[in-house]
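Read-outs: derived from the displayed coordinates by stated rules, not from any lab. What you see is a predicted model, and the numbers here were worked out from it, not measured in a lab. Cβ coordinates were reconstructed from backbone atoms using ideal geometry, including for glycine residues, and neighbour counts include every protein chain displayed.
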């Protein structure tokens, strides 16, 4: 039963992401939006890398 709940939550989360992507598809196609998302992603990955490098 816990596995079914986990699968259901995953499916719902995917549906929400797809729904938002469809709503925002015009904005997401703009070069400015892509650059912004690339910067956010790079910052998050860099922060995780720094945290990993400084951890024991």
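Points worth noting:
- Among residues of segment 4-28 that are within 24 Å of residue 40 (Cβ to Cβ), those with a Cβ under 6 angstrom from a residue that is surrounded by 10 or more Cβ atoms within 10 Å (Cβ to Cβ), sequence gap 6+ or separate chain, pair up as 27/33.
- Residue within segment 32-53 that is free of Cβ contacts under 8 Å to residues at least 24 places away in the same chain, outside any helix (DSSP H, G or I) and surrounded by 10 or more Cβ atoms within 10 Å (Cβ to Cβ) present: no
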